[in-house]
Amino acid sequence: MNLAKSITGNIFNPSLLSITRNPRLIFIPFSPRETNLSYFLEKKYLRCITSRQPNNIAPISEVFCTRLVSYCNSKFIKDGICIHSPIIKLGFQDNLILNNNLLSLYSKCFGVEYARELFDGMSYRDVVSWTCVISAYVKDGSYTEALDLFRNMINLSEVPNEFTYSSILRSCSSLLEFELGICTHTHIIKRGFEPNPVLRSALIDFYSKCGYFEESLKIFDIKNNGDTVSWTTMISSLVQSQNWIQSLKLYLRMIEGGVSPNEFTFVKLLMACSILGMKYGKLVHAHIVLMGIELNLIMKTALADMYSKGQRMEEAVKVSNQTPESDVWLWTALITGYARVSNFGEVISSFREMQLKRILPNSFTYAGILNTAASIREWELGKQIHSLVIKDGLETSVSVGNALVDMYMKSSAVVRDALGAFEEIISPNVVSWTSLITGFTQRGLKGEAFQAFMDMQVFGLQPNPITVAEILKSCASNEVRNLHGYVIKSELRNNVTVGNALVEVYARFGSVGDAWNVLQGMPCRDVVTYTNLAAGLNQMGDHQTTLSIISNIYKDQLKMDGHSMATFLSASASLAATETGKQLHCHSVKSGLGSWISVSNALVDLYGKCGSINDSQRSFSEILDPNVVSWNVLISGLASNGHFSSALSIFEDMILAAVKPDHITMLLVLYTCSHGGLINRGVEYFNSMTETHGIQPTIDHYICLVDLLGRAGRLEEAMTVIENMKPAQDALIYKTLLGSCRIHGNVTLGKDMARRALELDPSDPAVYVLLANIYDDAGKTKLGDLTRQLMRDNGLRKNPGKSWVEI
């Protein structure tokens, strides 16, 4: 009774149902006063029944109530619930058929909670009652509750029907409850329900989602070609398990078998094509047109999504404009597509047009806009979108929360903004935690990154390969082995992404043997594996071993990409190995890698370090849109080969091209002026760093300036620069001025510089050698010998110089 009262308020306002002595149901309009079904039933019919006065209206019977509720149930008319109260007053509350219809109506119109409350109060239940509530739980996504109710049903010896089994299989599929699913399959066979097409489709879906594709294919093949639903279910299962090619092959079998696909078949196929490429997508699109499949909103959205994922935005827009209807999913597909091709102007324009059409964005729409704001570093736009998110009540959404965490971590905002967005997420997933860990890692907050890594496991979430790869970036050398142990014990030990991250981090810390061991123990390697090892070796200075990795790549039948090619070109440049570099250059042209900006920059650097200035300039001229690295390597090549005026001319061209110099550019310019004897010009460039280019000088820039002044004999000015510099002084700057003191024979200043340098780095033998040479040049050989003896007494020795030639 309480349930009936809580639902049957003044909610009915269409037309009223009346009945004459003819048992047919006749619909007549309400009178103005009788605008409520409950009012009509209780005041008109009940008054007639209780007064027992003759009336041309027949009293309400159980048959009438059953027909009424059944009609409302079939038409999803939630106002039909108002009959529940009269049913109780008339004493029909134990009528099983009535209650089953009410159960269905409650679950459809008011949710599973109301249906369960009615179910618990029912005096009598049958299989329909149990199945109705179980089905309501499944539709609500409450799979665990559905299985719990099913177990209660079995314990009470109620026999399920085919509809019960269908709902249970859906729950088992979603929860990956393999054991219960097998038991259900067994019962289906025993009860003779196996030929049922709905159950067969459910079984196919269950085995596919649990990873048993052979079983699902067996069930599918038994069907003797089956129907469209079965074929579509099997195709859908293959797509969800990422068997893209198999899904298309099955589609061809479907066509050959004479089974016509429907729009849902093509939606799944288009999902596969978005991964396989446009060649397949266009063929499927052609089939849609040839078969005359209606281009409804679902189909249009699937096509637009496929084209946008393939970065074919013109085709995506063309498809979306073929019919006037649109919804939030179509606009979201277009917005994310524009973001994918970095057309951020169209992202904002599409979002505004969507708002003008009064289509409310969903969480995925907002996530796409926030990702755009992070990419173009428009933090104010991001904050405005955040405000709209809060206004629409979507701040607790996982997709929106993840995008907000990523944006705030990338912005210059304080970390608490990102943490605030993270804490708003009701149920953070692995991506949420990974975004947080990545942000901490990028900001150098190693402790916070490790704490988040531990916390996510406390909350029952296991890190994915990306999470582990990110946390490895923040590891110190002594922490890598601990995390490596965790990987070995987990299910990630054979993952390529994790293996690549381990190779990279071991190589970065110089543990080449460990990096090789990880690489050789990987069951599957890709070009990134070898590129990470090569980059680590190259950074260590072992350029010859770096180049030897090329043969390993070919042994594994892998192809170099732009990153690996740039690494090998860099190793060749460091060795000044012209012939090897030329061979790599030819390979890059043949394989189409020359369009990579990193490869082009490496070629400019290679020829510059090999002394082939013309080839270096030619490689630079072939770059369509040179970036700051391109200009830097060209300036470096010219300066290191003595073309100082040309190097400075290139720097001026860089400024005219509106490319903003960085701190490396200014370092190269100061080096050029120092070695070219352009003292005053070098001082001017140094002063322009902060005044013109907004670059704060680092210790390296000061060292270059001291070297510039020292070479010119302006030792006092150089000393003044050291005394007034803002960065903390280090041994190298004193050693630089010490070298200038030797050139110009300033023994007093040289002694002072040597003392200061040894205070900061007492183990540097070069300081002793320079000071001893100053004494020798000044005729103070005894002091020179004494200095060398002091170096030997401290266990230091001069490292011999090396040179090599290419054979």
Taking region 519-564, the whole-percent share of alpha-carbon pairs separated by over 14 angstrom is 45
Two pseudo-spin positions, 7 Å from Cα along C-beta at K798 and at V341, lie apart in nanometres by 6.4
The Cα radius of gyration of the chain, divided by 2.2 N^0.38 Å with N its residue count, comes to 1.36
The lysines whose Cα lies under 30 Å from the Cα of K209, excluding any fewer than 8 residues away in the same chain, are K108, K139, K190, K218, K223, K249, K268, K279, K282, K300, K309, K489
In debye to the nearest 20, the charge dipole size for the chain, taken about the Cα centre with +1 at each Lys and Arg Cβ and -1 at each Asp and Glu Cβ, equals 1520
The FRET efficiency for D227 and D120, from their Cβ-Cβ distance with R0 = 51 Å and rounded to 0.05, is 0.85
Simple SL model, points at 7 angstrom along Cα→Cβ for L156 and S551; separation in nm is 7.6
Label model pair L176, N687: point-to-point distance (7 angstrom along the Cα→beta-carbon line) in nm is 6.8
Expressed in angstrom and ordered largest first, the alpha-carbon extents of region 376-532 along the principal axes are 54, 31, 27
Sorted largest first, the C-alpha extents of region 75-218 along its principal axes in whole angstrom are 56, 27, 24
Of all C-alpha pairs within region 645-748, those more than 23 angstrom apart amount in percent to 25
The Rg/Rh figure for region 191-304, Cα atoms and Kirkwood Rh, to two decimals is 0.97
Largest first and rounded to whole Å, the semi-axes √(5λ) derived from the alpha carbon gyration tensor of region 323-427 read 23, 15, 11
Checking rank on 470-480, 546-556, with mean other Cβ inside 10 Å and highest first, the result is 470-480, 546-556
Over region 90-212, with neighbouring protein chains present, the accessible area per residue in Å² at probe 1.4 Å is 45
Taking r as the C-beta separation of E256 and Q322 and R0 as 22 Å, the FRET efficiency to the nearest 0.05 is 0.15
In Å, the Kirkwood hydrodynamic radius from C-alpha pairs for region 668-721 sits at 10.9
Across 10 Å bins beginning at 0, the whole-percent shares of Cα-Cα pair distances in region 153-239 come to 18, 55, 23, 4
Any lysines whose Cα falls less than 27 Å from that of K735, other than same-chain ones fewer than 8 residues away, would be K609, K726, K751, K780, K782, K798, K802
Regression test value, accessible area per residue of region 600-669, probe 1.4 Å, units Å², expected 43
A 1.4 Å probe over the protein heavy atoms gives the chain a carbon and sulfur accessible-area percentage of 52
So, for the Cα atoms of region 706-778, Rg and Dmax in Å stand at 11.2, 35
Quick numbers on region 274-363, Rg and Dmax over C-alpha atoms in Å, give 12.9, 37
For region 518-579, the per residue accessible area (1.4 Å probe, Å²) is 44
In nanometres, the difference between 0.36 nm per residue of separation and the alpha-carbon distance of R352 and E294 is 18.0 nm
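The values are calculated or read from the model by the stated rules, or taken from the named source; none is laboratory data. Every value quoted in this text rests on a predicted model; they were computed, and no experiment measured them. Neighbour counts run over all protein chains shown; Cβ positions are idealised from the backbone, glycine included. Just so you know, the surface numbers come from the protein's heavy atoms only, side chains and all, with ligands and any DNA or RNA stripped out. Shrake-Rupley method; radii C 1.70, N 1.55, O 1.52, S 1.80 Å.
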